[in-house]
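Report on the following structure.
The values are calculated or read from the model by the stated rules, or taken from the named source; none is laboratory data. In this text, all values refer to a predicted model and were calculated from it rather than measured experimentally. As a convention, Cβ positions derive from the backbone with ideal geometry for all residues, glycine included, and neighbour counts pool all protein chains shown. Heavy atoms of the whole protein, side chains included, go into the accessibility calculation; ligands, DNA and RNA do not. Shrake-Rupley method; radii C 1.70, N 1.55, O 1.52, S 1.80 Å.
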Amino acid sequence: MRSAETANLFRGRACALGAVLFWGVSFVAAKAALRELPPGLLVWGRCTLGAGVFTLAALLRGSELRIPRDQRLYLAVLGVLGIPFHLMIQSVGLLTVSASATAWILAVSPALVALLGWAFLGERLAATGAGGIALAMAGVFLVAGGGKGPLGYTLGDGLVLLSALNWAAFCVASRRGLKVLSPAQMGWAIMVLGWVASFPLLALPGCDLTVLARLSPAGWGAALFLGVGCSGLAYALWYDALLVLPVAQAGAFQYLQPLVAVLTGWFLLGETPTWPLLAGGGAILAGVSILSRSGRH
């Protein structure tokens, strides 16, 4: 029995690590894909491939693929916020913000989740937790603008920060659904409804499907990696991890995500890490770590 439990834990940790590695590289892949694709078309492609891969993975696991009638509106709103809207503002932000800085800014999401939980759900927030949030946000403002301070802030920095806030709101809003739906069933419904909601993006200027015929091999590689790997396999792996790992233990793997982005951005895009980026990133991780240990309920 003990060996079976050990094997399950190993599998869960491997799944969590695999998902985080996909997501860490996603910022670099998106930056590369955006050189050849407009944001709207890239996001639609990610949603299309991601929904297909996630559905296939769910069928292979024998998951129930049904959207309860009384949850459809709620899940549709989550699908819009968590998939096309989140990816769209993040992609537009990536046009002017480095992949590394984007990953660090998004790493502040757990702090924003705690802040929203305190403000709207009445969750307790200890003084040390509040200090962790303040430290993490100070790190964000150091990372944003390339370390140049307020004069260096761009619209892209604002959009990436907005995507972090949007993801935090999505996570807080998802808690109600997880009380009545399994993580896999809820994840599938959100992915499919998000895919449906992504079709209006094709009406944006430049989002003509004929653009796909002009993609280079590198562009195809980046787009397929994002859709199949980051928006499909990664989510399937993550939900598999949550089946056997406590949420806190699985969430700890996400600390690796910005580090993966920095390393891959450095080697693949030539984004040399700067001291403001590293110092701000360190402050973000330290703040989120303090928050996770503060006894917040």
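Brief remarks follow.
- Wholly enclosed helices (runs of 4 or more DSSP H) of segment 39-97 bearing at least 3 residues modelled with pLDDT under 95 and open to solvent by 50 Å² or more (accessible area, probe 1.4 Å): 39-61
- With respect to the conditions (1) modelled with pLDDT of 90 or more; (2) not in a helix (DSSP H, G or I), VAL143 falls short on a single one, namely (2).
- Filter result (under 19 Å from THR55 (Cα atoms), among the aliphatic types (A, V, I, L, M) and open to solvent by 50 Å² or more (accessible area, probe 1.4 Å)) within segment 179-213: VAL196
- Qualifying residue in segment 122-139 (condition: part of a helix (DSSP H, G or I), within 27 Å of ARG176 (Cβ to Cβ) and within 16 Å of the chain's Cα centre (by Cα)): no
- Qualifying positions in segment 98-128 - touching an Asp or Glu at 6+ places or on another chain (Cβ under 8 Å) and under 26 Å from VAL260 (Cα atoms): SER98, ALA99, SER100, ALA101, ILE105, ALA114
- Going through (1) closer than 30 Å to TYR74 by Cβ; (2) open to solvent by 40 Å² or more (accessible area, probe 1.4 Å); (3) among the hydrophobic types (A, V, I, L, M, F, W, C) one by one, ALA218 falls short only on (1).
- Filtering segment 167-184 to residues that are assigned to a helix (DSSP H, G or I) and either of a type in the set (Phe, Trp, Tyr) or touching a helix residue (DSSP H, G or I) at 6+ places or on another chain (Cβ under 8 Å) (or both) leaves TRP167, ALA168, ALA169, PHE170, CYS171, VAL172, ALA173, SER174, ARG176, GLY177, PRO183, ALA184.
- Looking across segment 270-281, the residues that are open to solvent by less than 40 Å² (accessible area, probe 1.4 Å), at pLDDT 90 or above and either over 19 Å from the mean Cα position of the chain (by Cα) or among the charged types (D, E, K, R) (or both) come down to GLU271, GLY280.
- Here LEU116 qualifies as more than 14 Å from the chain's Cα centre (by Cα) and either more than 22 Å from ALA184 (Cα to Cα) or of a type in the set (S, T, N, Q) (or both).
- Among the residues of segment 176-198, the one identified as free of Cβ contacts under 8 Å to residues at least 12 places away in the same chain and of a type in the set (D, E, K, R) is LYS179.
- Among the residues of segment 117-137, those that are aliphatic (A, V, I, L, M) and surrounded by fewer than 17 Cβ atoms within 10 Å (Cβ to Cβ) comprise ALA119, LEU121, ALA126, ALA127, ALA134.
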